[in-house]
1. Do any helices (runs of 4 or more DSSP H) lying entirely in the range 3-100 carry at least 2 residues that are surrounded by 17 or more Cβ atoms within 10 Å (Cβ to Cβ) and under 18 Å from the mean Cα position of the chain (by Cα), and which ones are they?
2. Given the conditions (1) modelled with pLDDT under 90; (2) touching a helix residue (DSSP H, G or I) at 6+ places or on another chain (Cβ under 9 Å), and given that THR161 satisfies all but one, which numbered condition is not satisfied?
3. For ASP30, only one of the following conditions fails: (1) over 16 Å from ASP163 (Cα atoms); (2) touching a residue at least 12 places away in the same chain (Cβ under 8 Å). What is its number?
4. Just checking, how many residues over the range 138-170 are in contact with a Leu (Cβ under 8 Å, 6 or more places away or on another chain) and not aliphatic (A, V, I, L, M)?
5. Taking the conditions exactly as written (within 23 Å of PRO27 (Cα to Cα), surrounded by fewer than 16 Cβ atoms within 10 Å (Cβ to Cβ) and charged (D, E, K, R)), does GLU153 satisfy them or not?
6. From ALA90, ALA71, ALA128, ALA61, grab the single residue that is in contact with a helix residue (DSSP H, G or I) (Cβ under 6 Å, 6 or more places away or on another chain) and more than 16 Å from PHE152 (Cβ to Cβ).
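The values are calculated or read from the model by the stated rules, or taken from the named source; none is laboratory data. Remember, it's a predicted structure, so these values are computed and weren't measured experimentally. Positions of Cβ are backbone-derived with ideal geometry, glycine not excepted, and every protein chain shown enters the neighbour counts.
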Amino acid sequence: MDLEKREASPVEIGALLMDAVCTPSAPEQDALRELAIHLGVKLERMQTELLYLRAFAVDFALALSLGESPAKEAVTTHYYSHWDLVAREAGEGLLEDLRLRLAAYARVIGDADVHSDGLKGQLGRLFADNCQGGEKGRDLALLGGAMFAALFEEIVDLFNTVDIVVHEAS
């Protein structure tokens, strides 16, 4: 029911989305560390690729949940302002890498219909390829697909329970 929705500003939502992309929980980090050892994949590579996959989940959820709206524009502006701050510390190459990776994941969206494993499977396979998973690629694909789906669903749920209050500039 709409009466139960909480109000939030685009600034709050942008910060929350950036936190969801960049700040994995301690248990998640521990599990990734163990999985990287088990699969013989470099942990840093897997963490970086998960960052890009999470960023794509946020972008995709924004597009599907908010469409072309003032709320989407405002949230996106504040969300990407956080990326600009991160890029100042990490180097401008980060934004170019992010742009390229988001484009690669977006291309999968167009191809997902033709593959039997659907969107989750396709995104997971690309994640595994980007992690250079080799023979353990199937396990990495399952991880990537599950991580994408979980965050995407979480973000969509957020947008279903929050009214984004966009103030017009005067």
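1. Working: elements: 10-22, 26-39, 43-66, 70-90.
Those helices (runs of 4 or more DSSP H) span 10-22, 43-66, 70-90.
2. Only one criterion is unmet by THR161, namely (1).
3. Unmet condition: (2).
4. 5
5. On the way: within 23 Å of PRO27 (Cα to Cα): yes; surrounded by fewer than 16 Cβ atoms within 10 Å (Cβ to Cβ): yes; charged (D, E, K, R): yes.
Criteria met by GLU153.
6. ALA128
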